[in-house]
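*Asks:* One structure, as structure tokens, below. Some questions next.
Throughout, read-outs are computed from the coordinates displayed, never taken from laboratory work. Predicted model only: the values in this text are computed from it and were never measured. Heads up, the Cβs are rebuilt from the backbone with ideal geometry, glycines too, and the neighbour counts pull from every protein chain shown.
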Amino acid sequence: MKHLFVLFLLVTNSINANNTFNISGKITTNNESLPFVNIYLKGTSKGAVSQEDGSFVIDNVQEGNYTLIVSFTGFKTVQKLITIKGDNVKININLEEVELLDEVVITGTLKPVSRLESPVPVEVYSPTFLKKNPAPNIFESLQAVNGVRPQINCSVCNTGDIHINGLEGPYTLVLIDGMPIVSGLSTVYGLSGIPSSLIEQVEIVKGPASSLYGSEAVGGLINVITKLPENAPLVFADSYTTDWEEFNLDLGFKTKVGKKASMLLGANYFNYSNPIDANNDNFTDVTLQDRISVFQKWDFQRQNNRVFSLAGRFFYEDRWGGEMQWTPEHRLSSDIYGESIYTTRYELIGKYQLPIDEKMTFQFSYSDHDQNSAYANTLYLAKQRIGFGQLTWDISDHNHDWLVGVSGRYNYYDDNTPVTQTEDEIVIPSLFVQDEIKLNEKHKILLGARYDYDKRHGNIFTPRLAYKFKPSEHDILRLNAGTGFRVVNLFTEEHAALNGAREVVIEEELRPERSYNVNLNYLKKFYTKSGKIIGIDASAWYTTFSNAILPDYDTNPNQVIYDNLDGHASSLGLSINMDAVISSNFKALAGFTIQEVTQTENGIKQQQILTEKYSGTWSLSYKNFNHNFLIDYTGNVYGPMRLPLLGDLDPRSPESPVWSIQNIQFTFDGLKNFEIYGGVKNLLDWTPNRGNPFIIARANDPFDKDVVFDANGNATQTANNPYALTFDTGYIYAPNQGRRLFFGLRYTLK
């Protein structure tokens, strides 16, 4: 009986083997073979990887209906329904690129256009890029972008801004869905409140964009584009924690409301309540935070696919840093030093396409920002309201693509400082026009100009010129030139004017800054015979400023002096980005920037303070499809920058060393709808106190009670103050947070 059973199994297996077939074919892109592509049958364990010539074979497939999935990094995933019945199946598949250079961008010209067709160079970063090093806010996420550096401005409360090509944060305009809603007070504090899970993509333009966006877009702009409800998952959640006891949670869902409306609701909560003093100066190394942000977006269906969307956001944050024994009861205390900031913010954004034959769109935004800050015993109360409305008319006429717009901006600002004796309230009307002229298939020119009227400064005119030359399908040369302007509101932008012990001195009435810029950009895409794809984006730029307003820390160590520069400032540099798909398993992004950012006054030229001479970023990703795990290794490196000292006796280094922040993340996505991830941030455990005797000057005497001053108000040497210092928190150039482990979980239901 036993032998009969074995014989039965052998016969059965033989019959089954005879009833199996194979699926074969070839994978190509642009008529070239594509190796290392993953091909598998959905819901089974059967699959293959294409060979050097693009060919593949999946053996031992039984009869039936299957879904064949073809997946390769950098290309659109293809799904094919196939039926196996009595014979082998042969199928050839051509993959289309999706990631490299072909994204749709909006920021450069205020209208959707392929990145390859835009006459203005725009860099695009997707949510996948942001997830490579998870962060609780967009401010930290941008540290991986070449030429963009989040700058910490205070070693106690850790507020900061974003530098582009070495220019200070106030020169960068931050947009949400194309609306200039993050500015003034929120340039310092508002960047922490944008949930990363709601971001569709981030677009960055380096160089003046004032002809379209007005004041503050002098050095560049960052446009954070949120997801449309129809593109968002049904439910999403992302949460992680670190061994520093940081906790971050993103939640959201979308739903249909009636037949013609869809809604996306998302929330971000971040908490860090664990005071740590690793450098033993009795001050918190990282500010403690309790923050919540709620975002809601509505999209309405209309006739002829006309656009109508509304979005709102609420943001609240309570942050403090200071001496380790500080508690909320010590707010405004003269005995224990602490910086405590309460921020409440409301935002509304809308876009409506007019119901007429002409393509006219009205966009509007409103923000209300209330800030209650206590810098030790100094109270700073500020309110800012910004209203913005813009009507654009998009006209296409043969080889001309016109955009005509009118806009108005309402600014209200009031605080309790002596500088603001009365409320600052102003309406700035604007008119802009641009014409994108297609000369032929290879040549395109964009001409633009903007007119603003500011009653404080009169008429302001900002022209713009862009030229694009496309000699081949995979080469683009762009030349951009233009001017920019910025109307300065000092106390909403310069945190150093409020914290620490330095006195603020404004030596003259501050005039608007003007800039003149030229930028040369070259974009190239390579296809190798082995299936590798490499994109190169290189830029050279020169920007010069007149009436530049830069903080002077050097003339008097006890003062921060502001005036219009009697001379000029300039930014000159070269940057290169590379984006490469090496195989289906490996992708690399890398960038390097070298720059010279200087100011010249009274014939003396010097490097601008807190500006690096060179920087680099990288992101390496390896995906193991068989075991469903992904490794992301990201990092940056920064060259020396000049730092603010308190005099010749200050023992701290006058220049930062070369420093680097590196991170590694492991992700497992083998569970349906779930991703588990974890890793290490700041692998090298780098902090700015390395090599310095201290970071905060006179942390043991934050109210300068034991400092002896001379007749001119300068600190003098004494036995307990051998370096003649006063309390100062402005010596900071890198995050003061060491190595930390993190662990997280994502859930997505589509």
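*Asks:* So how tilted is helix 2-18 from the main axis of the chain? Cα-based, degrees 0 to 90, rounded to 10.
*Replies:* 70 degrees
*Asks:* Shifting gears a bit: Taking all pairs of distinct Cα atoms, average 1/r, flip it, and tell me the Kirkwood hydrodynamic radius of the chain in Å to one decimal place.
*Replies:* 28.2 Å
*Asks:* Continuing with this model, one more query. Hand me the trypsin sites (Lys or Arg not before Pro) from region 42-86 located in a DSSP loop with no more than 12 other Cβ atoms within 10 Å, in residue order please.
*Replies:* K42, K76, K85
*Asks:* Let me ask something additional. What is the Cα centroid distance between region 118-149 and region 217-244, reported in whole angstrom?
*Replies:* 11 Å
*Asks:* Let me ask something additional. Spelling out what I want: for every residue of region 351-359, take phi, set θ = phi - 60°, compute 6.51 cos²θ - 1.76 cosθ + 1.60 (Karplus), and round to whole Hz; glycine and proline get x.
*Replies:* Once rounded to whole Hz, the list reads 9, 9, 8, 5, x, 10, 5, 5, 8.
*Asks:* Moving on. Starting from the Kirkwood radius over alpha-carbon pairs of region 18-94, derive D by Stokes-Einstein at 4 °C in a medium of 1.567 mPa s and give it in µm² s⁻¹.
*Replies:* 103 µm²/s
*Asks:* Which of the pairs K206/K525; K76/K532; K351/K444; K524/K587 have their Cα atoms more than 27 Å apart in this structure?
*Replies:* Among K206/K525; K76/K532; K351/K444; K524/K587, the Cα-Cα distance tops 27 Å for K351/K444.
*Asks:* What does the charge dipole of region 18-94 about its Cα centre add up to, to the nearest 20 debye, if the Cβ of each Lys and Arg holds +1 and the Cβ of each Asp and Glu holds -1?
*Replies:* My answer is approximately 280 debye.
*Asks:* Hey, could you pull the Cα Rg and Dmax for region 340-403, both in Å?
*Replies:* 19.9, 65
*Asks:* When only DSSP loop residues count, what GluC sites (Glu not before Pro) in region 227-329 have their Cβ near at most 16 other Cβ atoms within 10 Å?
*Replies:* Answer in residue order: E245.
*Asks:* Also: Test of understanding: express the Cα radius of gyration of region 105-157 as a ratio to 2.2 N^0.38 Å, with N the residue count.
*Replies:* 1.45
*Asks:* Can you list the lysines whose alpha carbon is less than 20 Å from that of K605, not counting same-chain residues fewer than 8 positions off?
*Replies:* Leaving aside lysines fewer than 8 places away in the same chain, those within reach of K605 are K613.
*Asks:* Hey, fewest Cβ within 10 Å first, where do S472, S196, S33 land in order?
*Replies:* So the residues, fewest neighbours to most, are S472, S33, S196.
*Asks:* Let me ask something else about it. Cα centroid distance between region 270-286 and region 417-489, in Å?
*Replies:* Measuring centre to centre over Cα atoms gives 43 Å.
*Asks:* Taking a point 7 angstrom from the Cα of N282 along the C-beta vector, which residues in region 693-721 have backbone N less than 13 Å away?
*Replies:* 698-706
*Asks:* Using a Cα-Cα cut-off of under 17 Å, which aspartates and glutamates could be cross-linked to K85, ignoring same-chain neighbours fewer than 8 residues away?
*Replies:* Within the straight-line cut-off, K85 pairs with D59, E63.
*Asks:* Moving on to the next point. Sort I476, I460 so the one with the fewest other Cβ atoms within 10 Å of its own Cβ comes first.
*Replies:* I460, I476
*Asks:* Only bridges with both residues in the chain count here: give the DSSP antiparallel percent, nearest 5.
*Replies:* 95 percent
*Asks:* For F629 and L116, calculate 0.36 nm times their separation in residues minus their Cα-Cα distance, and state this gained length in nm to one decimal.
*Replies:* Fully extending the segment from F629 to L116 adds 181.4 nm.
*Asks:* For the pairs K26/K227; K438/K750; K132/K470; K46/K672; K260/K359, note any where the Cα-Cα span goes beyond 29 Å.
*Replies:* From K26/K227; K438/K750; K132/K470; K46/K672; K260/K359, over 29 Å: K26/K227; K438/K750; K132/K470.
*Asks:* So, one more: For the chain, what is the relative contact order in percent, using Cα pairs closer than 8 Å and at least 6 residues apart in sequence?
*Replies:* In percent, rounded to a whole number, it is 10.
*Asks:* Set the Förster distance to 56 Å, then compute FRET efficiency between N556 and T20 from the Cβ-Cβ distance, nearest 0.05.
*Replies:* It comes out at approximately 0.05.
*Asks:* Please identify the trypsin sites (Lys or Arg not before Pro) of region 680-721 that satisfy two criteria: DSSP loop assignment and at most 16 other Cβ atoms within 10 Å. Which are they?
*Replies:* Within region 680-721, the qualifying trypsin sites (Lys or Arg not before Pro) (loop, at most 16 other Cβ atoms within 10 Å) are R690, K705.
*Asks:* Which three lengths, in whole Å and largest first, does region 238-348 cover when its Cα atoms are put on their principal axes?
*Replies:* Computed over region 238-348, the largest-to-smallest principal extents equal 65, 30, 18 Å.
*Asks:* Rounded to the nearest 20 debye, what is the charge dipole size of region 598-750 about its Cα centre when +1 sits on each Lys and Arg Cβ and -1 on each Asp and Glu Cβ?
*Replies:* The calculated dipole for region 598-750 is roughly 840 debye.
*Asks:* About the Cα centre of the chain, what is the dipole size in debye to 20, counting +1 per Lys and Arg Cβ and -1 per Asp and Glu Cβ, all else neutral?
*Replies:* The dipole of the chain has a size of about 3620 debye.
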